[in-house]
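What follows is one structure encoded as structure tokens, with my remarks underneath.
A short reminder: the numbers here are calculations on the coordinates, not readings from a lab. Since the model is a prediction, treat every value here as computed from it, not as a measurement. Heads up, the Cβs are rebuilt from the backbone with ideal geometry, glycines too, and the neighbour counts pull from every protein chain shown.
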Amino acid sequence: MTKGAVLCLKNVVKDTTREQIKETFMEYLPVAYIEFSIGDTEAKVRFETEGAASIAVEKMKENNDGKISINGTEVEYRVLDGDEEVDYWKKYIQEQKDRKSFKRKGGAGRGRKRFGGGGRFDSQRRQPRNENSKTRGESEPAEKKAKTEVEATS
């Protein structure tokens, strides 16, 4: 748990994108993750280092006349602390565990497995190939051999 690394934003304009939020804060400090979807009015920005949320707020306020604005609109903000911060990190850790424990079911109904064997000639008996063995055509009786003579047409 990284204390003081999560900044909660309110009154975010509905057409704001995650990238716009990230670009706004990346000017000041590196952002680890942004919890936000288009259409939401709240966002949570998680920074990489401890105490970075309040540092980012101070730097933004210095450069923007004491205001924090994203996508041209001023937003409300607060750094998560106390129980609210602990709850955020518990939820984050649980989501990570759930994601890792999710078992993927793959390959069902997708044909044979790799090198699954079987093919066109597997049902035929294989015979060793050496100098003394006969080829298929030589083992058949004369009447079954295909005629290869071509009659000359005049």
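Some notes on this structure:
- Charging the Cβ of each Asp and Glu at -1 and of each Lys and Arg at +1, and nothing else, the dipole of segment 18-84 about its Cα centre rounds to 160 debye.
- Coupling constants for segment 13-30 follow from the phi torsions by the Karplus curve (6.51 cos²θ - 1.76 cosθ + 1.60, θ = phi - 60°), and in residue order they are 5, 5, 8, 6, 9, 4, 5, 5, 5, 4, 4, 4, 8, 5, 5, 10, 8, x Hz; glycine and proline get x.
- Residues in segment 70-80 carry Karplus couplings, in order, of 10, 6, x, 10, 6, 10, 7, 8, 7, 8, 5 Hz; the curve used is 6.51 cos²θ - 1.76 cosθ + 1.60 with θ = phi - 60°, and Gly or Pro positions show x.
- The coefficient of translational diffusion for segment 40-98, derived via Stokes-Einstein from the alpha carbon Kirkwood radius under 25 °C and 0.890 mPa s, stands at 186 µm²/s.
- In order along segment 38-55, the Karplus-derived 3J(HN,Hα) couplings, from 6.51 cos²θ - 1.76 cosθ + 1.60 at θ = phi - 60°, round to 4, x, 6, 10, 10, 9, 10, 10, 9, 8, 7, 10, 5, x, 5, 4, 5, 5 Hz, and Gly and Pro are given as x.
- Among the listed pairs LYS22/LYS67; LYS67/LYS90; LYS10/LYS97; LYS67/LYS97; LYS61/LYS90, those beyond 26 Å (Cα-Cα): LYS67/LYS90; LYS10/LYS97; LYS67/LYS97; LYS61/LYS90
- Ranking VAL57, ILE38, GLN96 by how far each Cα lies toward the positive end of the dipole of segment 6-101 (charges on Cβ) leaves GLN96 at the top.
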